[in-house]
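A.B. asks: Okay, here's the structure, questions in a sec.
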Amino acid sequence: MKFGTKKAGAFAALAVAAALVLTGCVDTGAGSGGGGSEGGSDNLAITFLPKNLGNPYFDTSSKGGKAAVEEIGGTFAEVGPAEATPDAQVSYINTATQQGVGALVVSANDPKAICDALNEARDAGVKVVTFDSDTNPECRDLFINQADAEGIAKVQIDLIAEQIGNAGEIAVLSASANATNQNAWIDLMKEYVASEYPDITLVETVYGDDDDQTSFDKTAALLQTHPELKGIVSPTTVGIAAAARYLSTSDYKGKVALTGLGTPNQMREYVEDGTVTAFALWNPEDLGYLAAFAAAALIEGDITGAEGDTFDAGDLGEYTVGADGTVLLGDPFVFDADNIGEFDF
């Protein structure tokens, strides 16, 4: 049972899911070959390629994807690099293409770096769905967007503004410098701060590369560089947890606010001990679930990715393709001390 149809709000435990590496042939089902013709295909081999493996966020999105693929009657695999670098995903795309999977579901480390490989996959008949972090639109068939970019930016700035009394210096601790989604959110955060919170100054954006220790160290450096810092916004689940870990045992606890995009199980102890007041997230399990159903609809020829196409997404109901081949999951959900105990993700 999934929490929320068009809301976010869940995450899986922090255990790292075992990754299935594409070393042997993927079972592509009956009538295999490429990804299908205009009339559709029964090749329901769907491979998820997150930004990196060992990331709790993607462990959970893949959990949702696997559940959906099993409901559909397809074959699920997850592959990916250890580090979220721009070109690290290319070899996995090439291997999946050679193996003739029906669809690739990709969270892009860079909007351009994997485009050639993805288009080669598409030329070979593989359907390409991006989720969480998009490529350039011409490199994929659909993008499953976790939430409206403006809404994601707004909720994080509104949260930090409330926590620091609408005034003071804030900084952003992001993932990689090339992350499509986070760069878009940060640009919108800057615009929103300038228009709605004139007494708040965003003094610096730093990048933890979705690595726990790097994000921890960047948090320490921010606080040393900006002694008047009032708050940190971290729009990445790895970053916000690492920043909370640093703050929780430092003299800055209770003095420097922290919010961003986190998971209930990652953040529970920091909410309960007063390090963090509130944070937000959509449901990444639902995101992976929706992406898998979208991939299957493309494979089977039920949709082409054109604006106005509709498809069924199992427990989540019916979805409609919007402009630029984008499907929107829903709005972010805010977790705080009053509700975090209701979630076990």
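A.B. asks: Quick one: what pairs do we get from segment 113-127, first residue free of Cβ contacts under 8 Å to residues at least 24 places away in the same chain, second assigned to a helix (DSSP H, G or I), C-beta under 7 Å, 6+ apart or different chains?
C.D. replies: Listed by first residue and then by second, the contacts come to Asn119/Cys139.
A.B. asks: Let me ask another. Residues in segment 260-270 that are in contact with a Gly (Cβ under 9 Å, 6 or more places away or on another chain) and open to solvent by 10 Å² or more (accessible area, probe 1.4 Å): how many?
C.D. replies: 2
A.B. asks: If a residue must be under 21 Å from Gln266 (Cα atoms) and among the aliphatic types (A, V, I, L, M), how many such residues does segment 55-107 contain?
C.D. replies: 2
A.B. asks: Right, next: Can you find, within segment 316-326, the residue that is surrounded by the most Cβ atoms within 10 Å (Cβ to Cβ) among those that are touching a Gly at 6+ places or on another chain (Cβ under 9 Å) and outside any helix (DSSP H, G or I)?
C.D. replies: Val321
A.B. asks: With the checklist (1) at pLDDT below 95; (2) among the aliphatic types (A, V, I, L, M); (3) open to solvent by 20 Å² or more (accessible area, probe 1.4 Å) in hand, flag the one item Val155 doesn't pass.
C.D. replies: In the conditions (1) at pLDDT below 95; (2) among the aliphatic types (A, V, I, L, M); (3) open to solvent by 20 Å² or more (accessible area, probe 1.4 Å), Val155 misses (1) alone.
A.B. asks: Specify which of the listed residues (Thr130, Thr180) is within 24 Å of Ala292 (Cα to Cα), β-branched (Val, Ile, Thr) and surrounded by fewer than 23 Cβ atoms within 10 Å (Cβ to Cβ). Step through it out loud before you land on a result.
C.D. replies: Details: Thr130 fails: surrounded by fewer than 23 Cβ atoms within 10 Å (Cβ to Cβ).
Result: Thr180 is the single residue among Thr130, Thr180 that is within 24 Å of Ala292 (Cα to Cα), β-branched (Val, Ile, Thr) and surrounded by fewer than 23 Cβ atoms within 10 Å (Cβ to Cβ).
A.B. asks: Looking at Glu138, Glu169, Glu162, Glu83 in this structure, which one is of a type in the set (Asp, Glu), more than 29 Å from Ala220 (Cβ to Cβ) and open to solvent by 30 Å² or more (accessible area, probe 1.4 Å)? Write out each step before concluding.
C.D. replies: On the way: Glu169 fails: more than 29 Å from Ala220 (Cβ to Cβ); Glu162 fails: more than 29 Å from Ala220 (Cβ to Cβ); Glu83 fails: more than 29 Å from Ala220 (Cβ to Cβ).
Answer to the selection: Glu138.
A.B. asks: How many residues are in a loop (DSSP other than H, G, I, E, B) and either at pLDDT below 95 or of a type in the set (Gly, Ala, Ser) (or both) when one looks only at segment 25-50?
C.D. replies: Let us first name the residues in segment 25-50 that are in a loop (DSSP other than H, G, I, E, B), namely 25-36, 38-39, 41-44, 50.
Within this subset, residues satisfying the condition of being either at pLDDT below 95 or of a type in the set (Gly, Ala, Ser) (or both) are 25-36, 38-39, 41-43.
Of the residues in segment 25-50, 17 are in a loop (DSSP other than H, G, I, E, B) and either at pLDDT below 95 or of a type in the set (Gly, Ala, Ser) (or both).
A.B. asks: In addition: Pull up segment 128-162, narrow it to residues that are acidic (Asp, Glu) and assigned to a helix (DSSP H, G or I), then point me to the one that is farthest from Ala96 (Cα to Cα).
C.D. replies: At the first step, the residues of segment 128-162 found to be acidic (Asp, Glu) are 132, 134, 138, 141, 148, 150, 158, 162.
Cutting the leftovers down to assigned to a helix (DSSP H, G or I) gives us 138, 150, 158, 162.
Values: Glu138: 19, Glu150: 34, Asp158: 42, Glu162: 46 Å.
This residue is Glu162.
A.B. asks: Next up: Can you name the residue in segment 192-207 that is out of contact with any helix residue (DSSP H, G or I) (no Cβ under 8 Å at 6 or more places or on another chain) and farther than 16 Å from Glu228 by Cβ and is also surrounded by the fewest Cβ atoms within 10 Å (Cβ to Cβ) among such residues?
C.D. replies: Ser195
A.B. asks: A further question on this structure: Can you name the condition, by its number, that Asp251 falls short on among (1) open to solvent by less than 40 Å² (accessible area, probe 1.4 Å); (2) over 19 Å from Thr205 (Cα atoms)?
C.D. replies: Here Asp251 clears every test but (1).
A.B. asks: Could you list all residues from segment 86-127 that are open to solvent by 40 Å² or more (accessible area, probe 1.4 Å) and either in a loop (DSSP other than H, G, I, E, B) or under 24 Å from Ala313 (Cα atoms) (or both)?
C.D. replies: Pro86, Asp87, Lys112, Ala113, Arg122, Ala124, Lys127
A.B. asks: Residue pairs, Cβ under 6 Å, 6 or more apart or interchain, first in segment 286-305 and farther than 29 Å from Thr263 by Cα, second modelled with pLDDT under 95 and outside any loop (DSSP other than H, G, I, E, B). List them.
C.D. replies: Sorted first by the residue in segment 286-305, then by its partner, the pairs are Glu300/Gly40; Gly301/Gly40.
A.B. asks: As an exercise: evaluate Gly54 against (1) of a type outside the set (D, E, K, R); (2) touching a helix residue (DSSP H, G or I) at 6+ places or on another chain (Cβ under 9 Å); (3) modelled with pLDDT under 95 and give the number of the one condition it does not meet.
C.D. replies: Failing condition for Gly54: (2).
The values are calculated or read from the model by the stated rules, or taken from the named source; none is laboratory data. Here the structure is a predicted model, which is why all the values come from computation and not from measurement. All Cβ positions, glycine included, derive from the backbone under ideal geometry; neighbour counts span all protein chains shown. With ligands, DNA and RNA removed, areas are computed over all heavy atoms of the protein, side chains included. Shrake-Rupley method; radii C 1.70, N 1.55, O 1.52, S 1.80 Å.
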